[in-house]
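Visitor: Let me give you the structure first, and then I'll get to my questions.
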Amino acid sequence: MKIVSSIDELRDQLRGQLRTVFVPTMGNLHEGHLSLIRLARKHGDPIVASIFVNRLQFGPNEDFDKYPRTFAADIEKLEKEGVYVLFAPTERDLYPEPQEFRVQPPPDLGNILEGEFRPGFFTGVSTVVLKLFSCVQPRVAVFGKKDYQQLMIIRNMSRQFALPTDIIAAETWRAEDGLALSSRNTYLTEAERAEAPTLYAELQSVADAVRNGDLNVSLIEKQSMERLAARGWKPDYVSIRKRIDLQPPTAGDLAQNSPLIVLTAAKLGATRLIDNLEI
Ligand code: PAF
């Protein structure tokens, strides 16, 4: 595997490649990331991965400084998966001058759910992803459904800018007890790790209620947040939305069985976890 940090070196390595498939990451790789790479292999060749902890998508009081950085272990994992090039730019490589041009997602998608609680997050994500796409020029890129809203924003960005990159969605990778894998799980204490699968259990019980015909969406959401709070969580939201645009379903949408999804974000101790489940 070639490890490159500059955009010029990356372009040299990839010159003439027409079927590049790309998996962008912020490192601290776990089985979830590796599952994205295994899916990538089915959609193109060569595989390019990136590791870049993108300051633009972190708020001033968020965990940019303490975000886990495990570069040596990450390299070993990517090598085993047959990645051709790892693009690991420094901040100076990717942002040699202040990144003043930014990609702003539409407010009805970018400012809801995660965007409401993490202002500017999706502008930071969209900006870095567009820039990484411009560096790698992939034919296909793979994103996990764990970050469902991110996936949708990137997919819409790619379509609206007519980027030559197809976006492929990978299923969420879960631990045996149901907890969605995330780099932030490493922040959990032992007791919190034992409690953490409750978040997925809550999503399942919300999904079951809807599947069983309970259409009082706001009551289901409220009761779910109350159950989490009673166990010591600080939920930001448990929200049932339409899969197509992440807007709240109307009575008509519910009557017509529009495909739904339940999304959640909640803090356990100092760690904020997100998850979702298609209903
Ligand atoms: O999902 C992530 O790890 C990041 O948001 C991404 C897509 C690599 C952009 O920094």
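Visitor: Round to the nearest 0.05 the FRET efficiency obtained for residue 8 and residue 201 when R0 = 45 Å and r is the Cβ-Cβ distance.
Guide: According to the calculation, E is roughly 0.40.
Visitor: Can you list the lysines whose alpha carbon sits under 25 Å from that of residue 2, skipping same-chain ones fewer than 8 residues off?
Guide: Reachable lysines: 42, 77, 80, 131.
Visitor: Take every DSSP beta bridge with both residues inside the chain and express the antiparallel ones as a percent of the total, to the nearest 5.
Guide: That works out to approximately 50 percent antiparallel.
Visitor: Using the Karplus curve 6.51 cos²θ - 1.76 cosθ + 1.60 with θ = phi - 60°, work out ³J(HN,Hα) for each residue of the stretch 190-200 in order, rounded to whole Hz, and write x for Gly and Pro.
Guide: Karplus-based 3J(HN,Hα) across the stretch 190-200 equals 4, 5, 5, 4, 5, 7, 4, x, 4, 4, 5 Hz.
Visitor: Describe numerically, in nm with one decimal, the distance between label points set 7 Å from Cα along Cα→Cβ at residue 31 and at residue 176.
Guide: Distance between the two pseudo-spin positions: 0.9 nm.
Visitor: Straight-line reach from residue 267: which lysines have Cα under 21 Å away, leaving out those fewer than 8 places along the same chain?
Guide: 66, 145, 146, 222, 234
Visitor: Taking H as built 1.01 Å from N, whose amide H comes closer than 5 Å to the amide H of residue 28, not counting residues under 5 places away?
Guide: 70
Visitor: Let me ask another. Please find, in a Gaussian network model of the chain (springs between Cα atoms separated by less than 10 Å), the residue of 158, 50, 205 whose mean-square fluctuation is greatest.
Guide: Top of the fluctuation ranking is 205.
Visitor: Going toward the positive end of the dipole of the stretch 77-116, with +1 on Lys and Arg Cβ and -1 on Asp and Glu Cβ, which of 109, 99, 89 do you reach last?
Guide: 89
Visitor: May I ask you to evaluate 6.51 cos²θ - 1.76 cosθ + 1.60, the Karplus curve with θ = phi - 60°, for each residue of the stretch 241-255 and list the ³J(HN,Hα) values in order in whole Hz, giving x for glycine and proline?
Guide: Rounded to whole hertz, the list is 10, 7, 5, 5, 9, 6, 8, x, x, 7, 4, x, 4, 5, 5.
Visitor: Moving on to the next point. Which residue fluctuates the most in the chain, going by a Gaussian network model with Cα springs under 10 Å, if the choices are 160, 57, 104?
Guide: Highest fluctuation of the listed residues: 160.
Visitor: Right, next: Label points 7 Å out from Cα along the Cβ direction at residue 230 and residue 65: separation in nm?
Guide: 3.9 nm
Visitor: Once both labels are modelled 7 Å past Cα along the beta-carbon direction, what's the residue 244-residue 45 spacing in nm?
Guide: Once both label points are built, they end up 3.9 nm from each other.
Visitor: For helix 217-230, what angle does its Cα long axis make with the longest principal axis of the chain, in degrees from 0 to 90 and rounded to 10?
Guide: With rounding to tens, the tilt is 80 degrees.
Visitor: Among all stretches of the chain without exposed GluC sites (Glu not before Pro) (DSSP loop, at most 10 other Cβ atoms within 10 Å), which one is longest?
Guide: 177-279
Visitor: Picking from 44, 59, 124, which is most flexible by a Gaussian network model of the chain using Cα springs under 10 Å?
Guide: Sorting by GNM fluctuation, first place goes to 59.
Visitor: Additional query: Projected area of the stretch 164-274, taken from the Cα convex hull and averaged over every viewing direction, in nm²?
Guide: 8.4 nm²
Visitor: Continuing with the same structure: Calculate the tail of P(r) for the chain: the fraction of all Cα-Cα distances greater than 34 Å, expressed in %.
Guide: 20 percent
Read the figures in this text as sums done on the coordinates, not as results from a lab. Only a predicted model underlies this, so the values are computations on that prediction, with no experimental measurement involved. Here the Cβ is made from the backbone with ideal geometry for all residues, glycine too, and neighbour counts use every protein chain on show.
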